[in-house]
Amino acid sequence: MTEAAGSRPTGAVADLAADPLRAALTQVRTEVGKAVVGQEGAVTGLIIALLARGHVLLEGVPGVAKTLLVRSLSHALSLGTTRVQFTPDLMPGDVTGSLVYDARAGEFEFREGPVFTNILLADEINRTPPKTQSALLEAMEERQVSADGVSRHLPEPFIVAATQNPIEYEGTYTLPEAQLDRFLMKLTLDVPEREGEVEVLRRHATGFDPRNLDAAGVRPVLDAARLAEAQAAAASVGASADLLGYIVDLARATRHSPSVKLGVSPRGTTALLAAARAWAWLCGYDSITPDHVQAMLLPVWRHRMQLRPEAELEGVAVDAILRSIMQQVQVPI
């Protein structure tokens, strides 16, 4: 996930090395790379999601380091993380928490579930029924959990990093559109190239233990307070009227595509703006450019569109449609 060539800056470009927050987040990518090989794009995507205060859907076959990626990132950011294996018998209270009767006090008390953390790893989220999937909706949207008429706020920062297997569909449940739309990004994790896979084996051959990140040399370089500063800085990145119109034109083009049944909603346009701002800030810009919008378009919108049945039968890919739309919609200069 690198900045597109031919960038058209609309504002000043900061000295990345001189900004301690940007330098620290760049170092975060280096620290995660000590444990995870060949997933640089996913690492950057997760950092952008944290800056934009959004949730991420990670799609990849088993064994491509999805869990290790989240654990390494949280370790480098000094954030808490909890992993929940989503199964068909998982209940909503198993995720959010529930009221438990305290015999000594003679009253019910709320026991927090694993959602009360900074990064919730929802492993194989599509293996649990919609009732349990929907238990995350309030947490994802409102960043709180309601029980017995009381709303309890989640820690800050809070994001959900949910994984799903793109190949195995037996015993899975399709995520509701309302929940898909609340994920800021959908990132795909592929098997590393040959050199990367050799590097994975080399590290294991020399004693690498994925359960011991400290021994792997992954060290914390940022904390929640400084991450909050970075989030505020990213949210302050400017966006001209022409850029806002460009995002809307891209979204309207998805709704008019002959292959698309359901295009991008207004929530999708605000998500793209937030991600583009975070990426622009990370790159040292004080205003977003069309290149920042285009760089974020696929990961932010690929899961928000429904294709027509005939397009699916013909093997049309959402990413291909989005690339075509980027070529067709006029870019502001």
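Worth a mention:
- Matching entry among E142, E138 (being touching a strand residue (DSSP E or B) at 6+ places or on another chain (Cβ under 9 Å), more than 18 Å from A228 (Cα to Cα) and either open to solvent by 20 Å² or more (accessible area, probe 1.4 Å) or of a type in the set (D, E, K, R) (or both)): E138
- Total residues in region 41-64 satisfying the condition of being open to solvent by 20 Å² or more (accessible area, probe 1.4 Å) and under 15 Å from the mean Cα position of the chain (by Cα): the figure is 4.
- From the list L243, L297, the one residue that fits, being in contact with a Leu (Cβ under 9 Å, 6 or more places away or on another chain) and within 28 Å of P176 (Cα to Cα), is L297.
- Close pairs (7 angstrom Cβ cut-off, 6 or more residues apart or separate chains): within 13 Å of F116 (Cβ to Cβ) in region 145-160, in a strand (DSSP E or B) and of a type in the set (K, R) anywhere: V145/R152
- Qualifying strands (runs of 3 or more DSSP E) (wholly inside region 15-134; at least 1 residues being within 16 Å of A162 (Cβ to Cβ) and at pLDDT 90 or above): 55-59, 81-85, 119-123
- Residue among V264, V248, V293 that is open to solvent by less than 10 Å² (accessible area, probe 1.4 Å) and either among the acidic types (D, E) or part of a helix (DSSP H, G or I) (or both): V293
- Just one residue in the set R211, R203, R194 is over 24 Å from G80 (Cα atoms), without any contact (Cβ under 8 Å) to a residue 24 or more places away in the chain and among the charged types (D, E, K, R); that residue is R194.
- In the set (1) open to solvent by less than 60 Å² (accessible area, probe 1.4 Å); (2) on the phi < 0 side of the Ramachandran plot; (3) not β-branched (V, I, T), the condition left unmet by G217 is number (2).
- Being closer than 25 Å to V264 by Cα, part of a strand (DSSP E or B), touching a residue at least 24 places away in the same chain (Cβ under 8 Å) and under 20 Å from the mean Cα position of the chain (by Cα) is a description that applies to M185.
- When each of G207, G196 is tested for being open to solvent by 50 Å² or more (accessible area, probe 1.4 Å) and out of contact with any strand residue (DSSP E or B) (no Cβ under 8 Å at 6 or more places or on another chain), the lone residue that passes is G207.
- Figure legend. Inter-residue proximity from region 304-332: first residues open to solvent by 50 Å² or more (accessible area, probe 1.4 Å), second residues in a helix (DSSP H, G or I) and of a type in the set (A, V, I, L, M), beta-carbon distance below 8 Å, spacing 6+ or different chains. Indicated pairs: R323/L298; Q328/A253.
- Positions within region 273-290 being of a type outside the set (K, R), part of a helix (DSSP H, G or I) and either within 9 Å of A234 (Cα to Cα) or in contact (Cβ under 8 Å) with a residue 40 or more places away in the chain (or both), in sequence order: A274, A275, A278, W279, A280, W281, L282, P290
- Residues considered: R219, R226. Of these, the only one that is part of a helix (DSSP H, G or I), of a type in the set (K, R) and over 30 Å from V318 (Cβ atoms) is R226.
The values are calculated or read from the model by the stated rules, or taken from the named source; none is laboratory data. Keep in mind that this is a model prediction, so the values were computed, not measured. Using ideal geometry, Cβ is built from the backbone for each residue, glycine included, and neighbour counts are taken over all protein chains shown. We work out accessible area using only protein heavy atoms, side chains counted, and drop any ligands, DNA or RNA first. Shrake-Rupley method; radii C 1.70, N 1.55, O 1.52, S 1.80 Å.
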